[in-house]
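Visitor: The structure under discussion is supplied below as structure tokens; questions concerning it will follow.
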Amino acid sequence: MSDRIPVEMFFSRDSDAGTLQARLAAAIVRAILETRARPGTRLPSSRGLAAALGISRMTVTLVYQELVSQGYLETRARSGIIVAATVPHRRLKVQEPVPHETALDWDSWLAGQLPRQRVIRKPANWRDFRYPFIYGQSDAALFDHNAWRDCARRAWGTRDFGELASDFYGADDPMLIDYICSHSLPRRGIQAESDEVLVTLGAQNALFITVELLARGDRLAVTEDPGYPDFAETLRRAHSPTTFLDVDEGGLNPELLPQGTRLVIVTPSHNIPTGATMPLGRRRDLLARAAAHDF
């Protein structure tokens with residue numbers, strides 16, 4: 001089955017101009033080119049995309065027809081609308097940000113004395129909990145053994161053995177990096193080159209590295225309450241003074257940030273454990289405050 005471009009990739013930018021139909025067409029072309037969608041990659045159905053964007057299905061249908069005529073898309077029996085083979089499958093050069101006076105000075109931000117002890121406590125009997133959501137492991141009863149067996153068979157085969165036995169010392173797997181740059185990050189509005197991506201051992205490892213580099217005893221940190229428990233533990237271990245702000249239905253409220261805040265750790269897409277999602281207005285407000293006050 002062909003891959004499908006998720007609806008989250010089709011968003012308009014503030015700089016987009018023109019009618020709703022023109023903006024949607026630009027968003028689809030941008031998603032196809034910037035994510036290097038291969039020929040045959042399916043697009044969402046016109047009904048699904050219209051429902052996700054809150055627009056008329058006719059608008060989506062007209063845009064699809066227009067892009068088919070321009071050679072970006074094509075129709076295929078039993079597959080719907082797909083990326084055409086005539087599309088230049090390359091990532092567009094993203095416009096470099098214009099340097100300005102508020103550019104972040106990493107030399108002043110990186111902690112000088114890095115602590116060397118990590119203390120994050122979790123119960124050893126976490127599997128005995130009624131709702132064991134502590135570690136985030138998958139449920140063994142739901143594991144797809146057939147898919148795993150097929151992947152193992154292919155990995156051990158002669159055709160893929162070269163990749164399995166390759167030495168990537170000092171570098172992450174190039175196919176994984178390519179997928180992250182072309183699929184995972186664009187869905188979150190992030191454009192990055194391969195040398196800007198670091199694959200960690202997991203979210204906790206990434207958080208630990210980040211706090212090790214940025215947290216200091218003279219920098220006030222702010223995080224959510226309730227929130228991901230490892231935020232508090234990692235900041236505590238780093239001897240970082242921490243303020244906990246209550247979350248509401250829109251997550252953390254940037255207007256409540258105390259004076260002198262230097263670090264803010266938030267989970268805007270899905271707060272743990274409330275599940276609250278931060279609205280776009282709050283996200284932009286938080287970014288604007290971070291730029292204005294250098295936190």
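Visitor: Provide the gained length on full extension for the span GLN259 to SER182, in nm with one decimal, where the gain is 0.36 nm per separating residue minus the Cα-Cα distance.
Guide: 23.9 nm
Visitor: How large is the translational diffusion coefficient of the stretch 168-236 in µm² per second when you combine the Kirkwood radius over alpha carbon pairs with Stokes-Einstein at 10 °C and 1.306 mPa s?
Guide: In µm²/s, the coefficient rounds to 112.
Visitor: Follow-up question, since we're still on this one. If you average the sequence gap of Cα pairs under 8 Å that are 6 or more apart and divide by the length of the stretch 135-294, what percent do you get for the contact order?
Guide: So the answer I get is 15 percent.
Visitor: What percent do you get for the relative contact order of the stretch 7-83 when only Cα pairs under 8 Å and 6+ apart count?
Guide: For the stretch 7-83, the relative contact order is 32 percent.
Visitor: Rounded to the nearest 0.05, what FRET efficiency do GLN21 and ARG78 have when you use their Cβ-Cβ distance and R0 = 30 Å?
Guide: Values: r = 27 Å, r/R0 = 0.91.
Taking R0 as 30 Å, the efficiency between GLN21 and ARG78 is 0.65.
Visitor: Which order do the peptides 24-32, 234-242 take when ranked by the mean count of other beta-carbon atoms within 10 Å per residue, highest first?
Guide: Top of the packing list down: 24-32, 234-242.
Visitor: Diagonalise the Cα gyration tensor of the stretch 7-83 and give the resulting equivalent ellipsoid semi-axes, square root of 5 times each eigenvalue, largest first, whole Å. Don't jump to the answer; show the numbers that get you there.
Guide: Values: eigenvalues 66, 41, 27 Å².
Largest first, the stretch 7-83 gives 18, 14, 12 Å.
Visitor: For a quick check of understanding: with a 1.4 angstrom probe and all protein chains in place, what accessible area in square angstrom does VAL68 have, to the nearest ten?
Guide: Approximately 50 Å² of VAL68 is accessible to the 1.4 Å probe.
The values are calculated or read from the model by the stated rules, or taken from the named source; none is laboratory data. Keep in mind the model is a prediction, meaning the values are calculated, not measured. FYI the Cβ positions are ideal-geometry reconstructions off the backbone, even for glycines, and counts take in every protein chain you see. Areas reflect the complete protein model, heavy atoms only, side chains present, ligands, DNA and RNA absent. Shrake-Rupley method; radii C 1.70, N 1.55, O 1.52, S 1.80 Å.
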